[in-house]
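Enquirer: Before I ask anything, let me first share the structure, which is written out below as structure tokens.
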Amino acid sequence: MYLFENHTDENESVDVGRQDLRRLLREAGFEETPIDKAMDWLQALAADDEGPDLPQTSDGAIRVFSDEECAKISREGRGLLQHLEQIGVLTVSHRERVIDRLMAMESEEIDLEQLRWVVCMVLFNQARQGGDTQWAESLLLEEFRSQLH
């Protein structure tokens, strides 16, 4: 989240190599173990989906969360994911990628701010791979920035 928050804006992408990211994190004061974990997390975020092809919309289907997911992602967070999917910000595939990355975080509970950042990172990554998600990113980034000020 540090890299995304501090090294991107609407007109700039984070398109630096792994060693440059490591250097940026070291310069910011992060130690090697957290940097290694962050690099693994980002690599998994950027990895191609290896699962089955998912439809773009859920067509009225409801996502049932596992006990582990419910323990980590609050009711409000699960509601936000559902809302973002219903209004077309997230596809089914995006939603599943967000849940995967949330579950990979070391936090015992994910707050709404963390969830929003992960949503934004998933959409940002999708846009870098040629997806048309710029409108959704702008919407989410504006919401984040207004909350920070």
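Derivation of every value follows stated rules applied to the coordinates shown; laboratory data play no part. Keep in mind that this is a model prediction, so the values were computed, not measured. Backbone-built Cβ (ideal geometry, glycine too); neighbour counts: all protein chains shown.
Enquirer: When the Karplus curve 6.51 cos²θ - 1.76 cosθ + 1.60 is applied with θ = phi - 60°, which whole-Hz ³J(HN,Hα) does each residue of the stretch 69-82 get, with x for Gly and Pro?
Expert: Values per residue, Gly and Pro as x: 5, 5, 5, 8, 9, 4, 4, 4, x, 5, x, 5, 4, 4 Hz.
Enquirer: What does the charge add up to near L90, with Lys and Arg as +1, Asp and Glu as -1, over the other residues with Cβ less than 10 Å from its Cβ? If you can, show how the numbers build up before the last one.
Expert: Working: positive: R95, R97; negative: E85, E96.
That works out to 0.
Enquirer: Separate question: Hey, with R₀ at 30 Å, roughly what FRET efficiency would A71 and E31 work out to, going by the Cβ-Cβ distance, to 0.05?
Expert: According to the calculation, E is roughly 0.60.
Enquirer: Could you work out how much longer the chain between I87 and A104 gets when fully extended? Use 0.36 nm per residue separation minus the Cα distance between them, nm to one decimal.
Expert: That works out to 3.6 nm of additional length.
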